[in-house]
Amino acid sequence: MANSLFEEKLNSNEFLVTTEIGPPKGADVSEMVHHIDLLKDNVDAINITDHQSSVMRFPSLGGCLLVKERGGEPILQVTCRDRNRLALQADLLLAYSRDICNVLCLTGDSIDVGDHKEAKPVFDADSVQLLRMIRTMESGKDMSGEDLKGALKFCIGASVHPEADFIEPQLIKFEKKVAAGAQFFQTQGIFDLASLRRFMQYASQFDVRILAGIIVLASARMARYMNDNVPGIIVSEAIIDELAGVEKGKGLEKGIEIAARLIKTIKEENLCHGVHIMAVGNERIVPEILEQAKLPSMPTKAQ
Amino acid sequence: MIVTTQKPLDEILDFVSPYKNILIVGCDGCTQPPRGIREAGTLSQLLDLGGKLRNKEFEFKVNTLVKQCDSHLTAVALKDMIDDDVEAVLTLACGLGPQTIAILYPELPVFPAQNTVFIGSEEREAGTLEERCAACGDCVLGLTGGICPVSRCAKSLLNGPCGGSQNGKCEIDPNKDCAWALIIERLEKLGRLQDLEAIQPPKDHQAVARPGKIVP
């Protein structure tokens with residue numbers, strides 16, 4: 001079984017860039033396909049989100065199939081909110097059968113933050129259990145110990161929250177994720193590099209790759225909204241002031257500049273193994289961020 | 001104790017409006033806030049008023065039972081309360097009360113005045129009733145410092161907090177404590193943080209196969 005292209009790059013120690021695309025609410029995937037085409041040669045892999053913020057959308061697995069069709073490298077985001085262990089395993093079988101081997105294992109936001117608040121939250125497994133579930137499946141057995149037909153091999157990752165103000169519980173969970181088999185981590189949005197430095201001093205003892213999450217802010221209003229409404233996001237006052245200081249309509253430009261500056265510093269200081277850019281609805285600006293950060297398109301992928 | 005909240009008066013009126021002679025029974029069991037004889041009386045007055053607005057006259061009998069989940073005690077006590085005139089029963093017990101009475105009196109309509117919301121305990125200082133047990137059938141309190149993550153974590157997580165835990169509060173409501181922040185704080189004080197090292201496997205939901213039934 002060959003490693004996925006992304007797994008090979010993880011093992012190569014090169015500075016990695018991933019980004020993510022949120023599928024549409026509806027079956028019209030033309031804009032998503034446009035974004036995939038725009039991004040696939042500029043990054044090492046594209047995450048497709050799984051009902052991000054608990055808002056029902058086109059599925060992550062469907063998005064990953066499109067990435068494959070267009071010649072890109074997908075990372076399947078899988079949350080435990082909507083599927084019990086049968087559905088999770090079944091989706092993983094389908095993914096592997098279509099050569100979708102990179103999986104980001106997440107617990108998932110609460111049902112309460114989304115647009116189907118009355119739905120039953122499943123959470124039959126959590127992120128740690130999902131990671132272990134995949135390793136179990138790779139051993140040839142499903143979760144009930146039954147034999148699986150055909151071998152499986154995934155490259156699995158998870159998320160971590162280095163900016164949490166109460167860090168100890170997050171680190172306990174991080175270590176569990178490592179123990180359960182996580183190979184890479186895409187962090188929650190980082191706005192304060194000091195906390196990333198602190199986190200990396202600790203995390204470097206583990207044989208895992210850390211990609212720092214970079215959220216592209218489009219305005220001071222968006223930053224404040226995220227602080228108030230998006231679990232786990234802490235945008236500093238300094239960054240909010242910087243966004244508030246620009247003239248009307250120039251917010252996204254400033255947001256791109258801030259993101260590029262963070263990425264450039266992370267790479268120059270070799271703070272971690274790469275970045276994961278979350279453009280939250282502005283997927284088209286990712287190439288510009290990379291250009292400003294002086295990270296050219298992936299030469300190996302362009303060929 | 002079982003924590004209940006009273007249903008909207010209109011909903012109760014809709015239930016009882018087809019009937020005139022109605023027995024209203026409280027429960028002196030574990031229900032909180034109390035739903036005994038006093039609350040049954042208050043409810044009868046409210047229904048009288050509400051009935052008048054609907055041009056509806058009721059004849060209420062008001063009483064209470066020791067604990068409506070005990071079918072024997074309930075059967076004995078109801079014999080003296082239900083005569084041929086009683087057309088329907090309205091109970092202030094948790095969800096168990098209407099079911100006990102329905103089995104005892106197959107011919108009599110029985111309605112709940114309460115919504116049963118959770119198993120909880122009383123926080124006297126805060127004056128609140130708070131959920132503390134999910135009746136999951138597989139108690140983890142021995143590993144979590146006596147603080148229940150199944151009922152007190154919004155996600156019932158077993159392996160530590162989610163990324164939404166902020167300042168010790170829950171991502172869905174900053175007025176609610178993060179159970180895992182409490183657990184870790186307590187285990188740290190007890191010097192037992194190592195209790196959290198083992199990866200907890202997914203919960204065995206078969207521990208209580210629904211509907212739950214055991215022979216004690």
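The values are calculated or read from the model by the stated rules, or taken from the named source; none is laboratory data. Note that the coordinates shown come from a computational prediction; the quantities given were computed from them, not determined experimentally. Note that each Cβ is placed from the backbone with ideal geometry, even for glycine, and that neighbours are counted across all protein chains shown. Calculation scope for accessible area: heavy atoms of the full protein, side chains included, ligands and nucleic acids excluded. Shrake-Rupley method; radii C 1.70, N 1.55, O 1.52, S 1.80 Å.
Among the residues of the stretch A:144-159, the ones that are more than 8 Å from chain B (Cβ to nearest Cβ) and either under 19 Å from the mean Cα position of the chain (by Cα) or over 22 Å from A:Ser4 (Cβ atoms) (or both) come to 9 in all.
Looking at this structure, is B:Leu190 of a type in the set (A, V, I, L, M), open to solvent by 30 Å² or more (accessible area, probe 1.4 Å), touching a residue at least 40 places away in the same chain (Cβ under 8 Å) and more than 17 Å from B:Glu130 (Cα to Cα)? Judged against the criteria, B:Leu190 is a match. Strands (runs of 3 or more DSSP E) fully within the stretch B:17-120 that include at least 1 residues being open to solvent by 30 Å² or more (accessible area, probe 1.4 Å) and of a type in the set (Asp, Glu): B:59-65.
Which residue is nearest to A:Met137 (Cα to Cα), if the candidates are limited to the stretch A:93-113 and must be within 12 Å of chain B (Cβ to nearest Cβ) and either assigned to a helix (DSSP H, G or I) or open to solvent by less than 20 Å² (accessible area, probe 1.4 Å) (or both)? Applying the filter and picking the extreme gives A:Thr107.
Confirm whether B:Ala179 is modelled with pLDDT of 95 or more and under 28 Å from A:Lys177 (Cα atoms).
It is true that B:Ala179 is modelled with pLDDT of 95 or more and under 28 Å from A:Lys177 (Cα atoms).
Is it the case, given these coordinates, that A:Leu86 is in a helix (DSSP H, G or I) and out of contact with any helix residue (DSSP H, G or I) (no Cβ under 8 Å at 6 or more places or on another chain)? Criteria met by A:Leu86. The set of residues from the stretch B:125-174 being open to solvent by 20 Å² or more (accessible area, probe 1.4 Å), of a type in the set (Lys, Arg) and either assigned to a strand (DSSP E or B) or closer than 19 Å to A:Ser53 by Cβ (or both) comprises B:Arg132, B:Lys169. Residues in the stretch A:241-286 that are closer than 21 Å to A:Ile210 by Cα and in a helix (DSSP H, G or I): A:Ile258, A:Ala259, A:Ala260, A:Arg261, A:Leu262, A:Ile263, A:Lys264, A:Thr265, A:Ile266, A:Lys267, A:Glu268, A:Val286. Restricting the stretch B:193-216 to residues that are outside any helix (DSSP H, G or I) and open to solvent by 100 Å² or more (accessible area, probe 1.4 Å), which is modelled with the highest pLDDT? Of everything passing the filter in the stretch B:193-216, B:Glu197 is modelled with the highest pLDDT. Residues that are under 18 Å from the mean Cα position of the chain (by Cα) and under 24 Å from A:Arg209 (Cβ atoms) do not occur anywhere in the stretch A:114-125. Of the residues making up the stretch A:168-184, those that are within 17 Å of B:Gly164 (Cα to Cα), free of Cβ contacts under 8 Å to residues at least 40 places away in the same chain and either more than 7 Å from chain B (Cβ to nearest Cβ) or open to solvent by 10 Å² or more (accessible area, probe 1.4 Å) (or both) are A:Glu168, A:Gln170, A:Leu171, A:Ile172, A:Phe174. Scanning the stretch A:73-92 for residues being open to solvent by less than 10 Å² (accessible area, probe 1.4 Å) and either within 22 Å of A:Pro287 (Cα to Cα) or without any contact (Cβ under 8 Å) to a residue 40 or more places away in the chain (or both) gives a total of 4.
Checking each residue of the stretch B:1-16 against the condition of being in contact with a Phe, Trp or Tyr (Cβ under 7 Å, 6 or more places away or on another chain), in contact (Cβ under 8 Å) with a residue 40 or more places away in the chain and charged (D, E, K, R) gives no match. Can you say whether A:Gln201 is away from chain B (no Cβ under 12 Å), out of contact with any strand residue (DSSP E or B) (no Cβ under 8 Å at 6 or more places or on another chain), part of a loop (DSSP other than H, G, I, E, B) and of a type outside the set (Asp, Glu), as far as the supplied structure shows? No: the conditions fail for A:Gln201.
Conditions tested, residue by residue: (1) under 30 Å from A:Glu242 (Cα atoms); (2) surrounded by 17 or more Cβ atoms within 10 Å (Cβ to Cβ); (3) free of Cβ contacts under 8 Å to residues at least 12 places away in the same chain.
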| position | (1), (2), (3) |
| --- | --- |
| A:Asp115 | no, no, no |
| A:Glu118 | no, no, yes |
| A:Val128 | no, yes, no |
| A:Glu138 | no, yes, no |
| A:Ser159 | yes, yes, no |
| A:Glu163 | yes, yes, no |
| A:Phe166 | yes, yes, yes |
| A:Ser204 | no, no, yes |
| A:Ala218 | yes, yes, no |
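Only one of the numbered conditions (1) in a strand (DSSP E or B); (2) within 14 Å of chain A (Cβ to nearest Cβ); (3) among the aromatic types (Phe, Trp, Tyr) is violated by B:Trp180, and that is (1). Scanning the stretch A:125-142 for residues that are more than 8 Å from every other protein chain (Cβ to nearest Cβ) and either outside any helix (DSSP H, G or I) or more than 30 Å from A:Arg98 (Cβ to Cβ) (or both) yields A:Ser139, A:Gly140, A:Lys141, A:Asp142.
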